[in-house]
1. Scanning for something in a loop (DSSP other than H, G, I, E, B), closer than 20 Å to SER105 by Cα and free of Cβ contacts under 8 Å to residues at least 12 places away in the same chain, does region 65-79 turn up at least one residue?
2. So GLU53 ticks every box in (1) touching a residue at least 40 places away in the same chain (Cβ under 8 Å); (2) of a type in the set (Asp, Glu); (3) under 19 Å from GLU6 (Cα atoms) but one. Which box is left unticked?
3. Give the residue that is farthest from THR28 (Cα to Cα), with candidates limited to residues of region 80-92 that are in contact (Cβ under 8 Å) with a residue 60 or more places away in the chain and surrounded by 13 or more Cβ atoms within 10 Å (Cβ to Cβ).
4. Name the residue that is surrounded by the fewest Cβ atoms within 10 Å (Cβ to Cβ), counting only residues in region 8-44 that are polar (S, T, N, Q), modelled with pLDDT of 95 or more and not in a loop (DSSP other than H, G, I, E, B).
5. So for region 52-61 (the condition being over 14 Å from PHE37 (Cα atoms) and among the polar types (S, T, N, Q)), does at least one residue qualify?
6. On the basis of being surrounded by fewer than 16 Cβ atoms within 10 Å (Cβ to Cβ), more than 29 Å from SER122 (Cβ to Cβ) and under 12 Å from the mean Cα position of the chain (by Cα), does VAL5 make the cut?
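The values are calculated or read from the model by the stated rules, or taken from the named source; none is laboratory data. As the structure is a computational prediction, the values presented were derived from the model and not from experiment. Ideal geometry is used to build each Cβ from the backbone, glycine not excepted, and the neighbour counts take in all protein chains shown.
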Amino acid sequence: QVQLVESGGGLVQAGGSLRLSCVASGRTFSTWSMGWFRQAPGKEREFVATVNENGEDISYRDSVKGRFTISRDNSKNTVYPQMNSLKPEDTAVYFCALAQAPYLSEAFYDYWGQGTQVTVSS
């Protein structure tokens with residue numbers, strides 16, 4: 001069984017930065033792709049970014065391109081979304097998840113973390 005634990009969320013002013021992290025248990029982390037999703041109050045969960053197992057295939061939703069950067073350190077079983085130039089509309093609970101490939105749809109993700117709250121004040 002794989003477990004995911006997110007951290008790094010918090011309250012930040014618009015224009016600020018946060019670096020989230022997601023640590024995965026299990027020895028096969030390096031074979032999984034990891035996706036990040038977010039859910040704002042009253043809205044459906046949406047795709048944010050995904051990175052494949054070796055960190056070379058990365059995708060972002062259009063609204064975060066140029067502001068968010070995702071990286072992974074397989075030696076630490078960890079993925080790091082660096083979020084810069086944050087906007088109030090980035091406020092959401094952010095979730096990490098694992099899948100067999102860097103899918104954009106949450107339907108293909110097998111394991112999920114509990115989420116971490118990101119709040120961006122205007």
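1. Checked region 65-79: at least one residue is in a loop (DSSP other than H, G, I, E, B), closer than 20 Å to SER105 by Cα and free of Cβ contacts under 8 Å to residues at least 12 places away in the same chain.
2. GLU53 satisfies all of (1) touching a residue at least 40 places away in the same chain (Cβ under 8 Å); (2) of a type in the set (Asp, Glu); (3) under 19 Å from GLU6 (Cα atoms) except (1).
3. So, considering only residues that are in contact (Cβ under 8 Å) with a residue 60 or more places away in the chain and surrounded by 13 or more Cβ atoms within 10 Å (Cβ to Cβ), the one farthest from THR28 (Cα to Cα) is LYS87.
4. Looking at the filtered set, the residue picked out is GLN13.
5. Yes.
6. yes
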